[in-house]
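Participant: Before anything else, here's the structure in question.
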Amino acid sequence: MDDTSKRTGGYGFETRMIHAGSQPEPVTGARQTPIFQNTSYVFYDSDHAASLFNLQTFGFIYSRLTNPTVAVLEERLASLEGGRGATCCASGHAAQILTFFAFMEPGDAFIASNRLYGGSITQFGKTFKKFDWTCHFVDVDDPDAVRRALTPKCKAIFVESLANPGGVVSDLEALSAIAREAEIPLIVDNTLATPYLCQPIDWGADLVVHSTTKFLSGNGTSVGGAVVDSGRFDWSVSEKFSSLSAPEPAYHGLNFQETFGDMAFTTHAHAVGLRDLGPAMAPMNAFLTLLGTETLSLRMERHCENAQRVAEFLASHPKVAWVSYPGLKNDRYHELAQKYLPKGAGAVFTFGVAGGFEAGLKVVESVNLFSHLANVGDARSLILHPASTTHRQLSDEQRQAAGAGDEVLRLSIGLETAEDLIADLDQALTATA
Ligand SMILES: *Cc1c(COP(=O)(O)O)cnc(C)c1O
């Protein structure tokens, strides 16, 4: 078996969407994964308890660390991404903190794309400063700019495979080569693409983060996050990653890399990250997200098909200044999208309405079928004016860089009838006259 089929049991993506990580519940035979809505688990005896706490035995202790329902989702996401292990947590932002917390120390730095989801720019640029972590934001379309920004303190490169909201596609192969040279991990936020459209680990990503809140759950019901580890990064490659490759005092000098090998990051993220930071995923949210994963491929196909049709309609509309959707042939990211997102360019994109800020507000106030709110990846179509909402904490310059200027509207195209979506946008654009 090649590397990929070893990681996936040889099963196809759609089979793994439904079966990976789950089996009939052994006591009752329940076929769908039950919701283990409990906090704690009885120890067989005091030796069993001791070996669990020493990380010598795998098992459940307390649901802040691990929970059987959450564990099924973790295994499923690891399988869908072709990774070795996964850690689920309370939100996409929690997944990002958990990821960096595993190896960053005060005074450390990392490089991130300057066109990330607005919340990530705020988290990395402002809140991470409180931990004395510095984020260097770089235009990652320019590999030389990324190389120039690298300092000895840099411990990772962070990009989105398909960026929210600008429709920016990252050249993952080029970026992973830079990360490999620098002996630091490439971290890819795969939220908007989902593992169905893009497989970052195949292109050299070491860690993949998700806001499962979006397409993975798919119904706008459950906030959640995950980090999937490829298991390929050797944390003992340099002194930089000592939290994962030097003796850990809180576990009697245990060395995670030595003891757990390709499960070092995932074990650490549970045993230290979730233990001490505390952002556990609720079992109910894991259950709802598992339901979402079962239909992921079907939904993503329809999301992409509808988005392509809406984007083509907008591109020819007189009230529309521009459309930034990598599925359009003349888009600057079309070629990269064909390479990294061959099944479709996703369903979240932006367009510029003629008439700027006021016209943008008018459109969100005039739509009927689209919901005006701050989310993406719902079965319903969503619209947002980033400049007055999600990106309002950013400076004008940051907003422009993030593709969220005054005239920009963001769409998340749902699963409705495409003609109905087109008609709704048409009447709202006409209302701006
Ligand atoms: C929503 C989102 C996040 C943050 O996830 P939450 O679940 O809202 O914390 C991070 N990255 C991207 C690309 C997102 O769309």
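Participant: I'd like the full set of residues that are of a type in the set (Gly, Ala, Ser), in contact with a helix residue (DSSP H, G or I) (Cβ under 6 Å, 6 or more places away or on another chain) and free of Cβ contacts under 8 Å to residues at least 60 places away in the same chain, limited to region 177-211. Give the steps one after another, and end with the answer.
Facilitator: As a first pass, look at region 177-211 and keep what is of a type in the set (Gly, Ala, Ser): 177, 179, 182, 193, 204-205, 211.
Still in the running and in contact with a helix residue (DSSP H, G or I) (Cβ under 6 Å, 6 or more places away or on another chain): 204, 211.
Selection gives Gly204 alone.
Participant: Which ones in region 359-376 are of a type in the set (Ser, Thr, Tyr) and under 18 Å from Phe349 (Cβ atoms)?
Facilitator: Within region 359-376, the first condition is being of a type in the set (Ser, Thr, Tyr), and the residues that meet it are 366, 371.
Result: Ser371, single match.
Participant: Would you call Ala90 more than 10 Å from the ligand (Cβ to nearest atom) and either touching a residue at least 40 places away in the same chain (Cβ under 8 Å) or in the same structural domain as Ala163 (by TED's automatic domain parsing) (or both)?
Facilitator: Values: more than 10 Å from the ligand (Cβ to nearest atom): no; either touching a residue at least 40 places away in the same chain (Cβ under 8 Å) or in the same structural domain as Ala163 (by TED's automatic domain parsing) (or both): yes.
Taking the combined requirement at face value, the residue does not satisfy it.
Participant: Go through Leu98, Leu172, Leu150, Leu197 for me and flag whichever is over 21 Å from Leu394 (Cβ atoms), modelled with pLDDT of 95 or more and in contact with a Cys (Cβ under 7 Å, 6 or more places away or on another chain).
Facilitator: Numbers: Leu172 fails: in contact with a Cys (Cβ under 7 Å, 6 or more places away or on another chain); Leu150 fails: in contact with a Cys (Cβ under 7 Å, 6 or more places away or on another chain); Leu197 fails: in contact with a Cys (Cβ under 7 Å, 6 or more places away or on another chain).
Exactly one residue qualifies, and that residue is Leu98.
Participant: Restricting to region 177-207, name every residue that is hydrophobic (A, V, I, L, M, F, W, C) and away from the ligand (no atom under 12 Å from the Cβ).
Facilitator: Of all residues in region 177-207, those hydrophobic (A, V, I, L, M, F, W, C) come to 177-179, 182, 184, 186-188, 192-193, 197-198, 201, 203, 205, 207.
Result: Ala177, Ile178, Ala179, Ala182, Ile184, Leu186, Leu197, Cys198, Ile201, Trp203, Ala205, Leu207.
Participant: Residue under question is Leu116, and the condition is that it be more than 11 Å from the ligand (Cβ to nearest atom), buried (at least 24 other Cβ atoms within 10 Å of the Cβ) and in the same structural domain as Val223 (by TED's automatic domain parsing); does it hold? Explain how you work it out, then say what you get.
Facilitator: Values: more than 11 Å from the ligand (Cβ to nearest atom): no; buried (at least 24 other Cβ atoms within 10 Å of the Cβ): yes; in the same structural domain as Val223 (by TED's automatic domain parsing): yes.
So Leu116 does not fit the description; no.
Participant: Only one of these is away from the ligand (no atom under 15 Å from the Cβ) and buried (at least 19 other Cβ atoms within 10 Å of the Cβ): Phe110, Phe100, Phe124, Phe128. Name it. First the steps, then the outcome.
Facilitator: Values: Phe100 fails: away from the ligand (no atom under 15 Å from the Cβ); Phe124 fails: away from the ligand (no atom under 15 Å from the Cβ); Phe128 fails: away from the ligand (no atom under 15 Å from the Cβ).
On inspection, the qualifying residue turns out to be Phe110.
Participant: Is there a residue in region 138-145 that is within 16 Å of the ligand (Cβ to nearest atom) and within 19 Å of Ile178 (Cα to Cα)? Walk me through how you get there before you give the answer.
Facilitator: Going through region 138-145, the residues within 16 Å of the ligand (Cβ to nearest atom) turn out to be 140.
From the residues that got through so far, the ones that are within 19 Å of Ile178 (Cα to Cα) too are 140.
Yes, that holds for at least one residue.
Participant: Please tell me if Gly85 is closer than 29 Å to Gly9 by Cβ and surrounded by fewer than 24 Cβ atoms within 10 Å (Cβ to Cβ).
Facilitator: Values: closer than 29 Å to Gly9 by Cβ: yes; surrounded by fewer than 24 Cβ atoms within 10 Å (Cβ to Cβ): yes.
It is true that Gly85 is closer than 29 Å to Gly9 by Cβ and surrounded by fewer than 24 Cβ atoms within 10 Å (Cβ to Cβ).
Participant: Among the residues of region 233-257, write down those that are at pLDDT below 90 and surrounded by 16 or more Cβ atoms within 10 Å (Cβ to Cβ).
Facilitator: Within region 233-257, Glu248, Tyr251 meet the criteria.
Participant: If the requirement is being surrounded by fewer than 20 Cβ atoms within 10 Å (Cβ to Cβ), out of contact with any helix residue (DSSP H, G or I) (no Cβ under 9 Å at 6 or more places or on another chain) and more than 25 Å from Ser222 (Cβ to Cβ), which of these qualifies: Lys339, Lys329, Lys362? Explain how you work it out, then say what you get.
Facilitator: Details: Lys339 fails: out of contact with any helix residue (DSSP H, G or I) (no Cβ under 9 Å at 6 or more places or on another chain); Lys362 fails: out of contact with any helix residue (DSSP H, G or I) (no Cβ under 9 Å at 6 or more places or on another chain).
Matching residue, one of Lys339, Lys329, Lys362: Lys329.
Participant: Right, next: Can you tell me which of Ala374, Ala404 is under 20 Å from Ala193 (Cα atoms), within 16 Å of the ligand (Cβ to nearest atom), outside the structural domain of Ser211 (by TED's automatic domain parsing) and surrounded by fewer than 23 Cβ atoms within 10 Å (Cβ to Cβ)?
Facilitator: Numbers: Ala404 fails: surrounded by fewer than 23 Cβ atoms within 10 Å (Cβ to Cβ).
Going through Ala374, Ala404 in turn, the sole match is Ala374.
Participant: Could you list, in sequence order, the residues of region 98-112 that are within 24 Å of Ala145 (Cβ to Cβ) and of a type in the set (Phe, Trp, Tyr)?
Facilitator: Step one: filter region 98-112 for residues within 24 Å of Ala145 (Cβ to Cβ), giving 99-100, 103-104, 107-112.
Phe100, Phe103, Phe110, listed by residue number.
Participant: Next question, about the same structure. Which of the following residues is crowded, with 24+ Cβ neighbours inside 10 Å, at positive phi and modelled with pLDDT of 95 or more: Gly218, Gly204, Gly225?
Facilitator: Gly218
The values are calculated or read from the model by the stated rules, or taken from the named source; none is laboratory data. All values derive from a computational prediction rather than experimental measurement. As a convention, Cβ positions derive from the backbone with ideal geometry for all residues, glycine included, and neighbour counts pool all protein chains shown.
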